[in-house]
1. Per residue, how big is the convex hull of the chain when only Cα atoms are used? Give it in Å³.
2. Amide H neighbours of ASP215 under 5 Å, counting only residues 5+ apart in sequence or on other chains, H built in-plane at 1.01 Å?
3. Under 8 Å for C-alpha pairs, at least 6 residues apart: give me the relative contact order for segment 51-186, rounded to a whole percent.
4. When the Debye formula is applied to the Cα atoms of segment 217-366, each taken as the same point scatterer, what base-10 log of I(q)/I(0) results at q = 0.10, 0.14, 0.16, 0.17 Å⁻¹?
5. Give a residue-ordered list of calculated ³J(HN,Hα) values for segment 18-33 (Karplus: 6.51 cos²θ - 1.76 cosθ + 1.60, θ = phi - 60°; whole Hz; x for Gly, Pro).
6. Please state the shape class of segment 288-353: rounded when a/c is under 1.5, otherwise prolate if a/b exceeds b/c and oblate if not, all from the C-alpha gyration tensor.
7. At a threshold of 8 angstrom on Cα-Cα distance, excluding pairs fewer than six apart, so keeping six or more, what relative contact order does segment 236-366 reach in percent?
8. Check LEU147: other-chain or 5+ apart residues with amide H under 5 Å from its amide H, H built from backbone geometry?
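Here, each number is a calculation from the coordinates, and none is a lab measurement. Because the structure is a prediction, the values reported are computed rather than measured. A quick note on method: Cβ atoms are made from the backbone with ideal geometry, for glycine too, and the neighbour counts reach across all protein chains shown.
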Amino acid sequence: MIPVSSVSVTEAQRRLVNEVLDSGHLVQGPVVERLEACGREMTGAAHAIAVSSGTSALELAFEAVQLGPGDEVIISPFTFVATLNAALQSGADVRFADISEIDFTIDPDALRAAMTDAVRVVTPVHLYGLAADIDAVRSIAAHAGALIIEDAAQAHGATFDGRPVGTAGLAAFSFYATKNVFAGEGGLVTTDDDDLADVIRILRNQGMRARYDYDRPGHNHRMTDLAAAVAVPQFDTFHDAIAARRRNASLLSEGLADIDGLVLPATPDRREHVWHQYTVRVTAAARVSRNELISRLADRGVGSGIYYPAAVYDYQCFRDHPRVEVGEGCPVAERVATEVVSLPVHQQLAESDVEQVIDAVRAVLS
Ligand SMILES: *Cc1c(COP(=O)(O)O)cnc(C)c1O
């Protein structure tokens, strides 16, 4: 079976993990600092703060900006649940601005229409490795005096106008096992803001500025050097991995062109995609349903995945939540959630694997 994501560990990673074990410095030590340097280089941000997961990166970002009752956060509705959970932890009300079906990220027109005086934070999600229209989001947020917290969990190295994501305000990256750069569990907050960076560093470690000198109530969201040692060597081959994903994506787009009912992923002008996922839409015009496609691909040895099967608010626990405001809903996100399928695109694929994916999809849909 060709998997939709694959974890492959190199000799360099094993060596660094062993060095950490031998060093005795297992948590928030020198290898975590190396990872933070990699994070600054990847984004160009002044600060990169390593934490225990992408979710804790989001939670600390939301906590640092100090929201409370009556404040509003607007997030993309087409995302992993961590975005919504972290926004809710802030204490604010959470609303949604619909996505564009072209790029699967927040639609600037929908965002503009959703803004109110109470909005303090806007959270675009750079989904599947493609930056949101960060220029438009920036100007809409700035106009309203709102801060941007980017969910960049899937978008290591993705760019807009040649600039990597991660510097629009606060940004959260993930090093979860399936992400483009992985540690097992781990995350990173990036920002150019010195004061917010200081608060996040303190919040990550029990609210402590120096040993037993407590500045505020905090958490244990520290990252281990063992996890950082898995991630750090991947930055030596970072651009090769993106190039391999890009080559696979372009082979897929060539091979899958002109199939009825199959909409291929677009890369809008001014953006460079890093292809965390290669996600197609199976519309009503296709020969078989999405679920039929998935099961017939599996029969042919091709793995696939649905990210995500519903708009993030479309569960009873969120529809009933007193601080989640669904309103009229987000029709584009709700429809797209019924259409998307992600196909294997990762850098471990051989060209023959990509051909097998193309042949399988063609066989089922044409
Ligand atoms: C993976 C992911 C997260 C959460 O990251 P973890 O490291 O798993 O906590 C948040 N948002 C999005 C869009 C993700 O894909």
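1. Working: hull volume 48.7 nm³, N = 366.
That works out to 133 Å³ per residue.
2. MET208, ARG209
3. The normalised contact order for segment 51-186 reaches 24 percent.
4. Taken in order of the listed q values, log10 I(q)/I(0) reads -0.49, -0.85, -0.99, -1.04.
5. Using θ = phi - 60°, the values come out as 5, 4, 5, 4, 6, 6, x, 9, 9, 9, 6, x, x, 6, 4, 5 Hz.
6. Because a/c hits 1.5 or more and a/b exceeds b/c, segment 288-353 counts as prolate.
7. Worked out over segment 236-366, it gives 36 percent.
8. Sorted by chain and number, the residues that satisfy this are VAL121, VAL122.
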